[in-house]
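Structure first, commentary second.
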Amino acid sequence: MKSLIQFLLRYHFIILFILIELTSLTLAFRNNDYQKARTVNLVQNIRGVYNAKIYSLKTYIGLREINENLAAENTRLNNIIQRAYHSDDIFFYREDDPGYKQHYYMTGATIINNKTNTQHNFITLNKGAEKGIKPGMGVISNDGIVGVVFDVSKNYATVITLLNTKLIISAKIKKNNYFGSLQWDGKSPEISVLNEIPHHVEINKGDTITTSGYSSIFPEGIMIGTVNDYIVKGGNFYKIKVSLSTDFKKIRFVNVISNLKKDEQLELEKSFPYD
Amino acid sequence: MINLLLRNTARFVVLVLLQVLLLDNIQLNAYLNPFMYVLFILLLPFETPAWLLLVSAFLMGFSIDLFEHTPGMHASATVFMAFLRPLTLKIIAPREDYETSTYPRVFYYGFVWFLKYSLILVFAHHLFLFYFEVFSFSGFFHTLGKVILSTLFSSGFIVLSQFLFYRK
């Protein structure tokens with residue numbers, strides 16, 4: 001006992017040091033998570049800011065490619081939908097049924113020239129006859145209808161957009177299926193005009209206007225826009241202002257719709273005796 | 001004796017405040033991180049009992065930890081430094097040894113002695129602190145650079161303070 005006390009007294013400095021140091025270290029280690037988190041957080045924050053900058057720069061540079069990929073993906077998915085859910089026919093066909101024929105086929109394209117400030121606006125696409133695009137095909141974007149292919153060269157196609165006073169599209173009010181013709185009045189690039197809707201039809205602002213499907217160009221039910229305003233013109237028909245869902249000032253990727261049964265339809269309709 | 005206790009307590013408080021209010025906000029870059037509160041340990045009288053040295057070192061470090069939210073880190077580094085103090089004093093002792101009723105000051109033992117004294121102990125403190133803070137030897141030289149630069153920086157502050165406040 002005496003020697004122990006002597007020992008303690010003799011080495012009390014080292015013993016005390018070890019005790020206090022152990023206490024401190026225990027404290028530190030018990031709170032190590034916090035310490036670690038703190039230092040790691042600091043580094044992460046600095047690194048995070050830097051990385052975020054670099055990342056945003058990188059994504060910005062890669063944006064074009066990403067968008068092209070997404071547009072291609074959309075086109076592919078749209079085609080699958082056409083194939084899988086097409087039910088216009090009286091009978092349902094299985095996809096692998098020889099009687100089945102896909103009705104619409106879509107081709108993705110990028111707009112390389114776009115005019116919105118004239119009376120007869122058109123856009124130019126980066127795909128043409130070589131990719132199977134023909135005059136008269138419909139063009140849509142993800143937001144809605146865009147226009148109709150007017151002319152094609154080997155690698156390019158011009159499209160008359162909705163913002164062209166010469167283009168007339170068959171459109172309908174989605175909720176009650178009354179249809180009329182949509183024609184731009186040449187004023188605002190956001191507004192087009194739907195005519196020939198009889199005045200007894202009930203219309204509200206905000207009603208959805210879609211394609212009618214009565215032309216051979218567009219499938220039924222593609223978004224055109226919503227009712228912005230309406231007046232009764234000349235007694236019998238509405239003049240409905242339609243807010244276009246497509247923003248023509250910023251569209252970039254479109255799908256060209258080819259109606260695979262167009263020829264068959266036109267052939268049949270041609271033989272009808274009009275007189 | 002009472003006077004000595006009061007002066008050291010006052011120095012304790014002033015140094016803690018100086019550290020947490022001013023110096024912790026000085027981070028010239030990632031390498032420079034001055035810790036001047038260790039001056040408290042350096043300036044304790046020669047006759048300070050060993051246990052009191054360690055305990056006051058612990059209290060000092062712990063006070064800093066409280067403000068910096070790093071429980072135990074500064075405390076352990078400061079205790080480590082205090083542990084090395086008697087040995088350091090022995091190594092760098094002048095030929096005539098330390099005289100009674102003198103204090104470890106530039107005034108008594110000269111600039112070179114004080115510089116050696118503070119460099120050794122501050123380096124020990126920073127070495128312990130920074131490596132414990134990083135808690136890994138990855139980036140060994142990065143941390144070492146930090147230790148050395150901060151040591152020079154802190155010691156600079158400490159020596160400078162001697163000329164500012166202890167001219168006599």
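What FRET efficiency, computed as 1/(1 + (r/R0)^6) with R0 = 30 Å and r the Cβ-Cβ distance, is obtained for A:Thr226 and A:Lys115, rounded to the nearest 0.05?
E between A:Thr226 and A:Lys115, to the nearest 0.05, is 0.80.
Under 27 Å Cα-Cα from A:Lys241, which lysines qualify once same-chain neighbours fewer than 8 residues away are excluded?
A:Lys115, A:Lys166, A:Lys172, A:Lys174, A:Lys175, A:Lys187, A:Lys205, A:Lys233, A:Lys249, A:Lys250
Which residues' amide hydrogens lie under 5 Å from the amide hydrogen of A:Gly108, considering only partners 5 or more residues apart or on another chain, with H built in the peptide plane?
Under 5 Å from the amide H of A:Gly108 lie the amide H atoms of A:Val256, each far enough along the sequence or on another chain.
How large is the Rg to Rh ratio of the range B:2-165 when both quantities use alpha carbon positions and Rh follows Kirkwood? Kindly include the intermediate steps, with their values, before the conclusion.
Details: Rg = 15.3 Å, Rh = 16.1 Å.
Value, to two decimals: 0.95.
Excluding residues on the same chain fewer than 8 positions from A:Lys154, give the lysines whose Cα lies under 20 Å from its Cα.
A:Lys127, A:Lys131, A:Lys134
Would you mind counting up the charge near A:Ile61? Only other residues with Cβ under 14 Å from its Cβ, with Lys and Arg at +1 and Asp and Glu at -1.
So the surrounding residues net to +1.
Report in % the part of the accessible area of the protein assembly as shown that belongs to carbon and sulfur, leaving out ligands and nucleic acids; probe 1.4 Å. Spell out each step's value before the answer.
Details: 15970 of 25750 Å².
The C+S portion of the solvent-accessible surface of the protein assembly as shown is 62 percent.
For chain B, what are the DSSP H helices with axial Cα length of 30 Å or more and mean Kyte-Doolittle hydropathy of at least 1.0?
On the way: long enough: B:111-134 (33 Å, 1.53); B:140-165 (37 Å, 1.43).
The qualifying helices are B:111-134, B:140-165.
Rounded to the nearest 100 Å², what is the sum over both chains of accessible area buried where B meets A, with a probe of 1.4 Å?
1800
How are the Cα pair distances of the range A:155-252 distributed, in percent, across 10 Å bins from 0?
16, 51, 27, 4, 1
Would you calculate the separation in nanometres between label points at A:His200 and A:Thr165, each defined as 7 Å from the Cα along the Cα-to-beta-carbon direction?
3.4
Among the lysines, which fall within straight-line cross-link reach of B:Lys116, defined as a Cα-Cα distance under 18 Å, with same-chain neighbours fewer than 8 residues apart omitted?
Once the sequence-local lysines are set aside, what remains near B:Lys116 is B:Lys90.
When all alpha-carbon pairs of the protein assembly as shown are counted, what percent fall beyond 44 Å? Before the final figure, lay out each step's value.
On the way: 49204 of 97903 pairs.
Cα-Cα pairs of the protein assembly as shown separated by over 44 Å account for 50 percent.
Using a Förster distance of 30 Å, how high is the FRET efficiency between B:Ala93 and B:Asn3, based on the Cβ-Cβ distance and rounded to 0.05? Numbers along the way, then the final one.
On the way: r = 26 Å, r/R0 = 0.87.
Taking R0 as 30 Å, the efficiency between B:Ala93 and B:Asn3 is 0.70.
Can you give me the long-range amide H partners of A:Gly225? Hydrogens built in the peptide plane at 1.01 Å from N, cutoff under 5 Å, separation of 5 or more residues or another chain.
So A:Gly225 has HN proximity to A:Ile209, A:Ser245.
The values are calculated or read from the model by the stated rules, or taken from the named source; none is laboratory data. None of these values were measured; they are calculated from a predicted model. FYI the Cβ positions are ideal-geometry reconstructions off the backbone, even for glycines, and counts take in every protein chain you see. These accessible areas exclude ligands, DNA and RNA; they are computed on the full protein's heavy atoms, side chains included. Shrake-Rupley method; radii C 1.70, N 1.55, O 1.52, S 1.80 Å.
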